[in-house]
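Working notes, beginning with the structure itself.
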Amino acid sequence: MDTQQTEKGQIWEKTLNELEMLISKANFVTWLKNTNIEKTENGIVFIGVPNSFSKEWVKNKYNKFIISALRKIDPSIKDTEYIVSNKIKPICEKISTIKLMPQKTEESQQMEFKEFHETKESLNPRYTFNDFIVGSFNELAHAAAVAVIKNPGTTYNPLFIYGGVGLGKTHLLQAIGNKIKEDNEKSQIKYTTLEKFANMLISSIQNNTIHEFKEGYKKYDLLIIDDIQFLSGKTKTQEELFHIFNSLYEKNKQIIFSSDRSPKSILDLEERLRSRFEGGMMADISEPEYEARIAILKSKLQTKDIDLSEETINYIASTIKNNVRELEGALNLLLAQSKLLGKNLSTQELKEIFNKNIIYSKKKITFNKIIKTIGDFYEIEERFIFEKSRRKEYVLPRQIIMYLLREDFNASYPYIGKKLGGRDHTTAIHAYEKISKDIKNNYQIKDEIQKIRDCLYK
Ligand code: ADP
Ligand code: MG
């Protein structure tokens, strides 16, 4: 029995070593590292996975690789089965609890800031496939990227990736560039954003170097232009890009674009360019599904070498839904706060921090929504919020609105006063100070504001 156990362990270890080379690091850690062989029966290997989602995912995505890796090690293996094993704990529970201490937050923020500027016109080695999580939300774009890397310039040309902000377009484009560079040191690669391209074009016109500018672009083997939606209305840029595109395309050079919307939705775009964009492969990236959000969080935690409870991870993944950048932002916020407090945060504390700080979803909250939410909460007619009445049942809701506008939305006092029935800015200051004090001293008010925030931001 014991020797069988060791044997199974060894087979699986070798299999994982094989798989590690085929699959990105992030996906490997997320989906495969935490698996084992439960048993083998009549040539069938039963692979244990931590939950039913992993079971489906690993089976659909990686079974082919797993079977061939297993057979390399033991050719008598016929097939695989996947079973949910309670012996396997999810990754985050397994790692012993490390105190939540972000490392070098300030420095890394500065780094990121610097990188942001550097990404504008060159490849940034930070973006690789190693830490790129693939889920159903970006599967098509990822598969297209892989196909382009295998056969640049032939399979999908151009490749047009589109989707909303923070969904990984830049990451994917940069990762393609980095990989092609890695595969072929000599290949000439250009990464730029449309804005940068347009600006350079304008200065080349001013400096009488437009010929050099255009010729320069025609020598690339791979041209990547990010955020192409800014072509909208730029007639001259569209014209020059069209010629550069044709010249590269005829020579079978790969061209890749990203956009926050489909070619059809880019306004004021010449028809001939639109049809070029649509003539290759178009792949969209949508919002990450819950499971992908969990996988992304876990992968980011691994790279930061930090542990969070499953409950906390689930909470973040069910609160932050829009995009990957916001997930990263939430994680950084949480780490910074726990560093400040010098301890791990409870889920309750986390909720409070999120409620106060989630600027992202707040962007979508309108003034009218705040009025309506608070009006509904206190069951008062909205008009009383704006009118002059000093009755207590109207004053408190009005002050809470002013407080939230200031605290959560950074609104100026004159703005707040004006919006709330043309009041003086000192009224807004008074309201803000009063509610700030109440929150500290009056449990009921604190609780009510928490509930209002839950309604507003959930
Ligand atoms: P976009 O260009 O679509 O606005 P970015 O590529 O800038 O988005 O991505 C935002 C952030 O999220 C980046 O830090 C990026 O590394 C990260 N990110 C996006 N998609 C993924 C993914 N699938 N796996 C891991 N990290 C991702
Ligand atoms: Mg981008």
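The values are calculated or read from the model by the stated rules, or taken from the named source; none is laboratory data. Treat the numbers as computed from the prediction; the structure is a model and nothing was measured. Virtual Cβ from ideal backbone geometry, glycine too; neighbours counted across all protein chains shown.
All but one of (1) closer than 30 Å to Glu291 by Cβ; (2) assigned to a loop (DSSP other than H, G, I, E, B); (3) at pLDDT 85 or above hold for Arg325; state the number of the condition that does not hold.
Among (1) closer than 30 Å to Glu291 by Cβ; (2) assigned to a loop (DSSP other than H, G, I, E, B); (3) at pLDDT 85 or above, the lone unmet condition for Arg325 is (2).
If I filter the stretch 414-428 for residues that are in the same structural domain as Gly375 (by TED's automatic domain parsing), under 34 Å from the mean Cα position of the chain (by Cα), without any contact (Cβ under 8 Å) to a residue 12 or more places away in the chain and over 18 Å from Ile374 (Cα atoms), do I get at least one hit?
yes
Quick grid of which residues meet (1) buried (at least 16 other Cβ atoms within 10 Å of the Cβ); (2) touching a residue at least 12 places away in the same chain (Cβ under 8 Å); (3) under 25 Å from the mean Cα position of the chain (by Cα); (4) away from ligand 2 (no atom under 16 Å from the Cβ):
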| residue | (1), (2), (3), (4) |
| --- | --- |
| Glu271 | no, no, no, yes |
| Phe277 | yes, yes, yes, yes |
| Asp284 | yes, yes, yes, no |
| Glu291 | yes, yes, yes, yes |
| Ala295 | yes, yes, yes, yes |
| Thr303 | no, yes, yes, yes |
| Ala317 | yes, yes, yes, yes |
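Only one of Lys264, Lys300 is of a type in the set (Lys, Arg) and touching a Leu at 6+ places or on another chain (Cβ under 7 Å); which?
Exactly one residue qualifies, and that residue is Lys300.
Could you go through the stretch 227-237 and let me know if any residue there is buried (at least 19 other Cβ atoms within 10 Å of the Cβ), closer than 19 Å to Ile176 by Cβ and away from ligand 2 (no atom under 16 Å from the Cβ).
no
Would you be able to tell me the number of residues in the stretch 211-249 that are on the phi < 0 side of the Ramachandran plot, within 32 Å of the chain's Cα centre (by Cα) and in a loop (DSSP other than H, G, I, E, B)?
4
Run down Lys120, Lys104, Lys114, Lys99 and say which single residue is surrounded by fewer than 19 Cβ atoms within 10 Å (Cβ to Cβ), at pLDDT below 90, basic (Lys, Arg) and under 19 Å from the mean Cα position of the chain (by Cα).
Lys120
Cβ-Cβ under 8 Å, sequence separation 6+ or interchain: first residue in the stretch 205-220 and touching a residue at least 24 places away in the same chain (Cβ under 8 Å), partner β-branched (Val, Ile, Thr) and in a helix (DSSP H, G or I). Which pairs?
Final answer for the pair search is Lys214/Ile244; Tyr217/Ile244; Lys218/Ile244.
Considering only residues that are more than 13 Å from Leu194 (Cβ to Cβ) and acidic (Asp, Glu), look in the stretch 218-275 and name the one that is farthest from ligand 1 (Cβ to nearest atom).
Glu250
Anything in the stretch 175-194 that is of a type in the set (A, V, I, L, M) and either without any contact (Cβ under 8 Å) to a residue 24 or more places away in the chain or under 24 Å from Ala143 (Cβ atoms) (or both)? List them, or say none. Spell out the reasoning first.
Narrowing the stretch 175-194 to residues of a type in the set (A, V, I, L, M): 175-176, 180, 189, 194.
Result: Ala175, Ile176, Ile180, Ile189.
From the residues in the stretch 165-180 that are away from ligand 2 (no atom under 12 Å from the Cβ) and closer than 20 Å to Pro288 by Cβ, which one is surrounded by the most Cβ atoms within 10 Å (Cβ to Cβ)?
Here the residue is Ile176.
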